[in-house]
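Worksheet: one structure, shown below.
We did not get these values from a lab; they are worked out from the coordinates using the rules stated. Note that this is a predicted model, so its numbers are computed, not measured. Positions of Cβ are backbone-derived with ideal geometry, glycine not excepted, and every protein chain shown enters the neighbour counts.
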Amino acid sequence: MSETEQPVAPLPEPAHSSAVRISLRTAMILLVFTLVFTALMAEVYQITKPVLDETALDAKRRLIAEVLPPDAYDNDLLADVIELPPLPETGLREPTRLYRARQGGQPAALVFEAAAADGYSGEIRLVLAVRADGRLAAVRVTQHKETPGLGDYIDPKKDKNKAEPWIRQFENRDFAGTPREKWRVRKDGGVFDQRAGATISARAVTKATARAMAWALDHQDQLFSLPVGTRYEVKNP
């Protein structure tokens, strides 16, 4: 190179090319981060899934124990299950599960959900256990929006009378001792108490319980005979 020659400066990179390179680098970083995060989440899920599953099972066992004591059956209750479609008798608008309790291989009780759509503040969800001999073992409110301090006494956890919660008056009742037409609150000519100023909540629970119990007893032979995991189908008359 002669003394008069000058080095040629490189041409500047087009602005759009630089922006594309930055965008690609950012996208690659985000992709790697997403893959690593997804892998970590999958590993955490695999580790925690057994714990979560067992926690869910424990919650179901505790809820069922509130309406049916463990000594009332000797089968694997949570495994002896069938699916129920939405039924007007249960008041539910979505499929649910029905659990079948057996003692010595014989039918002992049916445990299932129901709902009252006519609560004071909307739907009241229930779980009940109906014994094979026709008695209602117990019923519990699992979800509601009734007025705190007034209509929420239907839930034993919120009932101020801890010695004799309102909901326990249904326990061990049957239609032989309490005819179906008497499954009403006293204000409506029935036999069940209600609290002053909060009749609507009690009325809704009483009616829904009687309706669901009657359905279970009318269909218990079919319900107990269905194979595990199958779906109960309504028979046309």
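Applying a threshold of 32 Å to the alpha-carbon distances of Lys187/Lys235; Lys158/Lys235; Lys60/Lys207 flags Lys187/Lys235; Lys158/Lys235 as lying beyond it.
List the trypsin sites (Lys or Arg not before Pro) within segment 84-143 that fall in a DSSP loop (any state other than H, G, I, E or B) and whose Cβ has at most 15 other Cβ atoms within 10 Å.
Details: sites: Arg93, Arg97, Arg100, Arg102, Arg125, Arg131, Arg135, Arg140; in loops: Arg93, Arg135.
The qualifying sites are Arg93.
Taking a straight Cα-Cα cut-off under 21 Å and skipping sequence neighbours fewer than 8 places away in the same chain, the lysines within cross-link reach of Lys162 are Lys145. Here the ratio of the Cα radius of gyration of segment 61-197 to 2.2 N^0.38 Å is 1.08. Evaluated at q = 0.13, 0.17, 0.19 Å⁻¹, a Debye calculation over the C-alpha positions of segment 122-237 (equal weights, vacuum) places log10 I(q)/I(0) at -0.54, -0.86, -1.02. Charge tally around Glu181: other residues with Cβ under 12 Å, Lys/Arg +1 each, Asp/Glu -1 each, net +3.
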